[in-house]
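Working notes, structure below.
Bear in mind these aren't lab numbers, they're just calculated from the coordinates by the rules spelled out. Predicted model only: the values in this text are computed from it and were never measured. Glycine gets a Cβ as well: all are built from the backbone with ideal geometry, and neighbour counts include every protein chain shown.
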Amino acid sequence: MNKHSKGNNNRFLNHDICFEESWKTISVSQINEVVSDEFPGKKDFIAFYLANNGGVFTKGAYIYPDHFYEITNKDYLSIEIGSFFHIPLIEDEEDSYYTMSMERAKDRRADYSEDFENFTLFHIPFCRQSCG
């Protein structure tokens, strides 16, 4: 298992953010086996997962929506991201103790409702906020 922490090699994460417990290293072709559709930002998505195949923010990490668009409800100024799901290696039955796979996350959420199942047909679950 790969373990990354401060000084991580993921250009998308500030080097001071503690990001650990990444799953096994994955290749571009393995990523494309699981996430085959094209979408805006796929190049960055692949670069992120080549650097870290999922992982846990052991000391917390936050997104501030008001940095991206205007927020009228000031009650929710931050979202804590707990972890990024890992991409499973298709031929490997082993699974991470620390992160859920994208496939398992998608399957679990598809059972919530028919509307949510339709949503998962066109969206990739890739991370979990700290409250689930």
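Taking amide H as placed 1.01 Å from N in the peptide plane, the amide H of ALA61 sits under 5 Å from that of ILE81, each at least 5 places away or on another chain. Placing a pseudo-label 7 Å from each Cα along the Cα-to-Cβ vector at GLU114 and ILE90 gives an inter-label distance of 3.2 nm.
Taking chymotrypsin sites (Phe, Trp or Tyr not before Pro) across region 36-94, the ones in a DSSP loop with at most 15 further Cβ atoms lying within 10 angstrom of their Cβ are PHE68, TYR69, TYR76. Modelled label positions at ARG128 and GLU38, each set 7 Å beyond Cα in the direction of Cβ, lie 3.3 nm from each other.
Across all directions, the average flat footprint of the convex hull enclosing the Cα atoms of region 36-98 is 6.5 nm².
Note on LEU121 and THR72: with the Förster distance fixed at 30 Å, the Cβ-Cβ geometry gives a FRET efficiency of about 0.50.
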